[in-house]
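What follows is a short report on a single structure.
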Amino acid sequence: MLNPVPFFHGAGMADYCAMLAVNDPNVVLGAAETRFISPVRVGDVLKAEACIANTKGKKKIVDVKVERGDEIVFTGIFTCFVLEKHVFDS
C-alpha cells in the first residue's frame, strides 16, 4: 500500500525486531502496547532495539524502542509466544 503523505512509523520494524529478539522460528506476536512518539519521513535512518524483559514458559515480553538518531520515535511492549510447531504446519 502506498502512503500518500511522506510520514511513516516504526511499528512494522518494531514487531519484527521483537520477534528477532525471541529468536525462534515458531514465534508469533500475541499483543502489543505501542506508543508513537514522533512521525518519521521517507529517507530517515531508523534503529530498532529489542530486549526480552520477562519470560514465563512459552510467553515472552519484549521491550522495543525505535530511534532516529538520538530521538526515540516509537516504544512498544510486545507479547510473543513460542509455539510447539509453526502456525502453518498441520
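How much accessible area does Met13 have with a 1.4 Å probe, in Å² rounded to the nearest 10?
Approximately 70 Å² of Met13 is accessible to the 1.4 Å probe.
Can you give the angle from 0 to 90° between the axis of helix 11-22 and the longest principal axis of the chain, with both taken from C-alpha atoms, to the nearest 10?
So the helix axis and the longest Cα principal axis differ by about 40 degrees.
If all Cα-Cα distances of the chain are sorted into 10 Å bins from 0 onward, what percent lands in each bin, rounded to whole numbers?
Taking every Cα pair in the chain, the percentages come to 17, 44, 27, 11, 1.
Pop the C-beta distance of Ile72 and Ile52 into the FRET formula with R0 = 22 Å and round what comes out to the nearest 0.05.
On the way: r = 19 Å, r/R0 = 0.87.
Plugging the Cβ-Cβ distance into 1/(1 + (r/R0)^6) gives 0.70.
If we sort 22-31, 75-84 on the protection proxy, mean other Cβ atoms within 10 Å, highest first, what's the order?
Numbers: 22-31: 13.7, 75-84: 17.2.
Ranked by mean Cβ neighbours within 10 Å, highest first: 75-84, 22-31.
How much accessible area per residue does the chain have, counting only protein heavy atoms and a probe of 1.4 Å, in square angstrom? Don't skip to the end; give the middle numbers.
Values: 6130 Å² over 90 residues.
Averaged over the residues of the chain, the accessible area is 68 Å².
Considering only protein heavy atoms and a probe of 1.4 Å, how much of the accessible area of the stretch 8-90 is carbon and sulfur, as a whole percent? Before the final figure, lay out each step's value.
Values: 2880 of 5330 Å².
Heavy-atom surface of the stretch 8-90 belonging to carbon and sulfur, 1.4 Å probe: 54 percent.
Once every DSSP H run of n ≥ 4 in the chain is given -39500 (n - 2.57) and the sum is divided by its residues, what mean residue ellipticity at 222 nm do you get, rounded to the nearest 500 deg cm²/dmol? Could you put the intermediate results ahead of the total?
Working: 1 runs with 12 residues, N = 90.
Rounded to the nearest 500, the figure is -4000 deg cm²/dmol.
The values are calculated or read from the model by the stated rules, or taken from the named source; none is laboratory data. Values in this document were obtained by computation on a predicted structure and should not be read as measured data. No Cβ is skipped: glycine too gets one built from the backbone with ideal geometry, and neighbour counts run over all protein chains shown. In case anyone asks, the SASA skips ligands and DNA or RNA and just uses the protein heavy atoms, side chains included. Shrake-Rupley method; radii C 1.70, N 1.55, O 1.52, S 1.80 Å.
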